1. State whether one or more residues within the stretch 2-24 are at pLDDT 75 or above and of a type in the set (S, T, N, Q).
2. Of the conditions (1) under 14 Å from Phe135 (Cα atoms); (2) at pLDDT 90 or above, Val82 clears all except one; give me its number.
3. Going through the stretch 151-182 one residue at a time, which ones are in contact (Cβ under 8 Å) with a residue 40 or more places away in the chain, surrounded by fewer than 17 Cβ atoms within 10 Å (Cβ to Cβ) and more than 16 Å from the ligand (Cβ to nearest atom)?
4. Would you pick out the residues in the stretch 137-150 that are among the hydrophobic types (A, V, I, L, M, F, W, C) and either within 16 Å of the ligand (Cβ to nearest atom) or in contact with a Gly (Cβ under 9 Å, 6 or more places away or on another chain) (or both)?
5. Identify all residues within the stretch 22-53 that are in a loop (DSSP other than H, G, I, E, B), touching a residue at least 40 places away in the same chain (Cβ under 8 Å) and within 16 Å of the ligand (Cβ to nearest atom); write none if there are none.
6. What is the residue count in the stretch 57-74 for residues that are free of Cβ contacts under 8 Å to residues at least 24 places away in the same chain and either among the aliphatic types (A, V, I, L, M) or crowded, with 19+ Cβ neighbours inside 10 Å (or both)?
7. Which of the residues spanning the stretch 72-121 are within 16 Å of the ligand (Cβ to nearest atom) and hydroxyl-bearing (Ser, Thr, Tyr)?
8. Need the failing condition index for His69 against (1) away from the ligand (no atom under 16 Å from the Cβ); (2) under 32 Å from the mean Cα position of the chain (by Cα), just the number.
Amino acid sequence: MDKDGRMIIYTLLLAAISGPVVAKEWTANVVNELEALVSSCVVIPCSFTHPGGHMSSSTLRGLWHVSRHLDQRIYYDDKSRVLENYRGRTKLLGHLGQGNCTLEITEIKDHDNGPFCFRIELAPTSSGTLDKFSFVQNCAKLIMQPDPPKPEMNHPKTAIQGHPFTVTCTVAHTCPTHAPKLTWSRGTEDGITEVHRKTHSGIWEVQSILTFIAEEKDDHSVITCTSTFNGGRSSSETLTLFVKRTENYNHIIIPTVVGLGTALIFAVFCLFMVKKYKNRIAALQSQEGSVWNRISRLSRRARPVEPEDGK
Ligand SMILES: *[C@@H]1O[C@H](CO)[C@@H](O)[C@H](O)[C@H]1NC(C)=O
């Protein structure tokens, strides 16, 4: 049995005897399974303890390898000793001095399944022995997602005209260092808030909250939320908006106002016409009068002549 094997058994025995009270032993806390989107990235949360007491990051060397194959390194300080396939794609995000062995893998390929295990190497002690430990019992397996997950939209069934309407769009991911970007089909003049949170170990979600005042013209319009993942893959979800009109009496008020207005204009017009006619009639009457007068004057003048003619 090799040294690592003995170490594991020793640790397990010690853990069984002393329980969780003993913290400074070889322990690792690695997420067992994590989904990873092909072409995107993944962050594997990992923390560990070692019996070396407090040690700075420079006296610790971490490495990640494939399952039990210590020589198949996917992450190591010395890049030349990393599997070619993983070279430049892995990065240790955590500070080893803080017991943080969190690993990032970018440009995920569909064969990056793992399981990936962490190994820690402590700088030689005064006695000259180099302590190493592979946490092969706590490895992370990656489950490949060939297609990006669809965002989920949540909103009230109907919007009310003139009132604020809120839609949320949420998408889960496993790469907090390059989180997916959520965008809306509606213009940016609307209020958009973004929230990032961890839901489980290694699983995160981004939520975008869109708020706008629903208008009549928005009825039956389509709103799309698009999630663009690191690496360029995207997915989207849509909703059709139904706007409920607010109760108003415009359908009664408008015809009434128009009707009353028309009646008023007509009344004013009639009054005006009557006035105009009155003047006309008066004028005509006076004109008629003068004509009449003239006629009667003429006839009066003519009458005395007749008897003269008759004489
Ligand atoms: C480990 O490091 C990562 C990356 O810096 C960080 O996000 C995470 O919170 C750390 N974990 C702990 C337990 O401190």
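The values are calculated or read from the model by the stated rules, or taken from the named source; none is laboratory data. A quick note: this is a predicted structure, and the numbers were derived from the prediction, not measured. Using ideal geometry, Cβ is built from the backbone for each residue, glycine included, and neighbour counts are taken over all protein chains shown.
1. Scanning the stretch 2-24, I find no residue that is at pLDDT 75 or above and of a type in the set (S, T, N, Q), so the answer is no.
2. (1)
3. Answer for the stretch 151-182, where residues must be in contact (Cβ under 8 Å) with a residue 40 or more places away in the chain, surrounded by fewer than 17 Cβ atoms within 10 Å (Cβ to Cβ) and more than 16 Å from the ligand (Cβ to nearest atom): Glu152, His155, Lys157, Thr158, Ile160, Gly162, His163, Pro164, Thr166, Lys181.
4. Cys139, Ala140, Leu142
5. Of everything in the stretch 22-53, those that are in a loop (DSSP other than H, G, I, E, B), touching a residue at least 40 places away in the same chain (Cβ under 8 Å) and within 16 Å of the ligand (Cβ to nearest atom) turn out to be Val31, Cys41, Pro45, His50.
6. 1
7. Result: Tyr75, Thr90, Thr102, Thr106.
8. Evaluating His69 over (1) away from the ligand (no atom under 16 Å from the Cβ); (2) under 32 Å from the mean Cα position of the chain (by Cα) leaves (2) as the failure.
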